[in-house]
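Okay, so here's the structure we're looking at.
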Amino acid sequence: MNNKLVKEFLRSKAGPNAYPIAKALNGGKTDKEVSEEVGIDVNKVRTILNRLHYIGVVRYDKEKAKRSNWYTYTWFLRADRVNELLEKTYGEELEELEKELDLKRNHVFFKCNNGCEALPFELAYEYNFQCPNCSEEMNKSEEGNTQEIEERIDEITKLLG
Ligand SMILES: [Zn+2]
């Protein structure tokens, strides 16, 4: 749970407070208990729990109080389901990143100084190194910089083990 990507994933699926709320469930809690622990309004906690329930990463036990018609919901985190979704989401991203890395490593890119799209050498050559968009001269660019992609790949690989 203590991974940056887990946080990022829950936030993208259920909002900015999804991570602390999911983390607080630890072993089962009512919405009120979660609300007290994380210091977020109980109605907001419920909204987030419902969103998390929708994607299947939490479940609840419902219990009726003996003399009233009130139900108590105790919420639990489904770690197996979290892992499943993480594997799927980041597995797909990893594939894309590896393709992109491959492309960047095997091509030299050229671009103009006006911020238009960079083109691989083969294409820039066909345009005679003149930007097809603004006709400005194109020079070798740093599009081939792969550090960011490599770092992201590293992060995901660590998460997925
Ligand atoms: Zn241009």
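All but one of (1) surrounded by 12 or more Cβ atoms within 10 Å (Cβ to Cβ); (2) outside the structural domain of GLY28 (by TED's automatic domain parsing) hold for GLU96, so report the exception by its number. Unmet condition: (1).
From the list LYS23, LYS32, which residue is open to solvent by 70 Å² or more (accessible area, probe 1.4 Å) and out of contact with any helix residue (DSSP H, G or I) (no Cβ under 7 Å at 6 or more places or on another chain)? If you could, list the steps in order and put the result at the bottom.
Values: LYS32 fails: out of contact with any helix residue (DSSP H, G or I) (no Cβ under 7 Å at 6 or more places or on another chain).
Of LYS23, LYS32, the one residue that is open to solvent by 70 Å² or more (accessible area, probe 1.4 Å) and out of contact with any helix residue (DSSP H, G or I) (no Cβ under 7 Å at 6 or more places or on another chain) is LYS23.
Yes or no: VAL58 more than 16 Å from the ligand (Cβ to nearest atom), among the β-branched types (Val, Ile, Thr) and not assigned by TED's automatic domain parsing to the domain that holds ILE21? For VAL58, the condition - more than 16 Å from the ligand (Cβ to nearest atom), among the β-branched types (Val, Ile, Thr) and not assigned by TED's automatic domain parsing to the domain that holds ILE21 - is not met. Taking the stretch 126-149 as the range and being surrounded by 12 or more Cβ atoms within 10 Å (Cβ to Cβ) and more than 16 Å from the ligand (Cβ to nearest atom) as the test, the residues that pass are GLY144, THR146, ILE149.
Among the residues of the stretch 99-116, write down those that are touching a helix residue (DSSP H, G or I) at 6+ places or on another chain (Cβ under 9 Å) and open to solvent by 90 Å² or more (accessible area, probe 1.4 Å). If you could, list the steps in order and put the result at the bottom.
Looking only at the stretch 99-116, we keep the residues that are touching a helix residue (DSSP H, G or I) at 6+ places or on another chain (Cβ under 9 Å), and these are 100-101, 104-105, 107-111.
ARG105, the sole residue that qualifies.
Sort out which residues of the stretch 33-46 are farther than 17 Å from LEU77 by Cβ and part of a helix (DSSP H, G or I), and write them in order of number. Residues satisfying the conditions are GLU36, VAL42, ASN43, LYS44.
The listed residues are GLU126, GLU137, and the only one of them that is touching a Cys at 6+ places or on another chain (Cβ under 7 Å) and of a type outside the set (Phe, Trp, Tyr) turns out to be GLU137. All of TYR54, TYR19, TYR60 fail the test of being touching a Phe, Trp or Tyr at 6+ places or on another chain (Cβ under 6 Å) and of a type in the set (Phe, Trp, Tyr), apart from TYR60.
Each residue in the stretch 64-78 was checked for being surrounded by 10 or more Cβ atoms within 10 Å (Cβ to Cβ) and farther than 20 Å from GLU37 by Cβ, and 2 pass.
Against the definition (more than 16 Å from the ligand (Cβ to nearest atom) and either free of Cβ contacts under 8 Å to residues at least 40 places away in the same chain or exposed (fewer than 13 other Cβ atoms within 10 Å of the Cβ) (or both)), how does ASN83 come out, yes or no?
Values: more than 16 Å from the ligand (Cβ to nearest atom): yes; either free of Cβ contacts under 8 Å to residues at least 40 places away in the same chain or exposed (fewer than 13 other Cβ atoms within 10 Å of the Cβ) (or both): yes.
Yes; evaluated as a whole, the condition is true for this residue.
Based on what the data block shows, is LEU119 of a type in the set (A, V, I, L, M) and open to solvent by 70 Å² or more (accessible area, probe 1.4 Å)? Full working, then the answer.
On the way: of a type in the set (A, V, I, L, M): yes; open to solvent by 70 Å² or more (accessible area, probe 1.4 Å): no.
Against the criterion (of a type in the set (A, V, I, L, M) and open to solvent by 70 Å² or more (accessible area, probe 1.4 Å)), LEU119 does not qualify.
Kindly establish whether ALA22 is of a type in the set (A, V, I, L, M) and touching a strand residue (DSSP E or B) at 6+ places or on another chain (Cβ under 7 Å). Taking the combined requirement at face value, the residue satisfies it.
The values are calculated or read from the model by the stated rules, or taken from the named source; none is laboratory data. Note that the structure is a prediction, hence the values are computed from the model and not measured. Cβ: placed from backbone, ideal geometry, glycine included. Neighbour counts: every protein chain shown. Accessible surface is based on the protein model in full, side chains and every heavy atom, while ligands, DNA and RNA are left aside. Shrake-Rupley method; radii C 1.70, N 1.55, O 1.52, S 1.80 Å.
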